[in-house]
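Q: The structure follows.
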Amino acid sequence: MIRVHSGPEMILQLFVDWCKENQVNITYIEQGKPNQNAFIERFNCSNRTEVLEPHLFNELSQIRELSWARMMN
């Protein structure tokens, strides 16, 4: 399951199709209730600035490994 806000980037048909193909359920937070997704919003921001932006990845497995290592520390 992926919990997201209902902004236009999260209702993009490509994203919705990918979720269906990969059997990922999309759960939208209620309008005006960002606290329903506060933990993951903070995680996404930190992960983006500390893991994704400073590195160049060749494979998805590299991203998974680095993200997992960061979570364990």
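Q: Divide by every residue of the chain the summed helix terms, -39500 (n - 2.57) for each DSSP H run of at least 4, and state the resulting mean residue ellipticity at 222 nm, rounded to the nearest 500 deg cm²/dmol. Working shown, then result.
A: Values: 3 runs with 32 residues, N = 73.
Roughly -13000 deg cm²/dmol at 222 nm, from the helical runs in the chain.
Q: While we're looking at this one, here's another question. In the chain, what percent of the accessible surface is made up of carbon and sulfur (1.4 Å probe, ligands and nucleic acids excluded)? Could the numbers behind the result be given before it?
A: Details: 3390 of 6080 Å².
So the carbon and sulfur contribution to the accessible surface is 56 percent.
Q: Going through the range 39-73, which GluC sites (Glu not before Pro) have at most 13 other Cβ atoms within 10 Å and a DSSP loop state?
A: Details: sites: GLU41, GLU50, GLU59, GLU65; in loops: GLU59.
Answer in residue order: GLU59.
Q: Next question, about the same structure. Have a look at LEU52, LEU14, LEU60 and tell me which one the Gaussian network model of the chain (Cα, springs below 10 Å) gives the largest fluctuation.
A: In the Gaussian network model the winner is LEU60.
Q: Take the chain, compute every pairwise Cα distance, and split them into 5 Å bins from 0; I just need the percent in each bin.
A: 3, 14, 18, 19, 24, 17, 4, 0
Q: Using Cα springs under 10 Å in a Gaussian network model of the chain, which residue among ASN35, ASN25, ASN58 shows the largest mean-square fluctuation?
A: ASN58
Q: Taking amide H positions as placed 1.01 Å from N in the peptide plane, with prolines and chain starts having none, which residues 5 or more places from HIS5, or on another chain, fall under 5 Å of its amide H?
A: For HIS5, the qualifying residues are ILE29.
Q: With a 1.4 Å probe and every protein chain left in place, work out the accessible area per residue of the chain in Å², rounded to a whole number. Don't jump to the answer; show the numbers that get you there.
A: On the way: 6080 Å² over 73 residues.
Per residue, the chain has 83 Å² of solvent-accessible surface.
Q: I would also like to ask the following. Run the numbers on the chain and let me know its relative contact order in percent, using alpha-carbon pairs under 8 Å that are six or more apart.
A: On the way: 40 pairs, mean separation 20.1, N = 73.
Relative contact order here is 28 percent.
The values are calculated or read from the model by the stated rules, or taken from the named source; none is laboratory data. Nothing here was measured: the structure is a model prediction, and the numbers come from that model. All Cβ positions, glycine included, derive from the backbone under ideal geometry; neighbour counts span all protein chains shown. Side chains included, ligands, DNA and RNA excluded: accessible areas come from the protein's heavy atoms. Shrake-Rupley method; radii C 1.70, N 1.55, O 1.52, S 1.80 Å.
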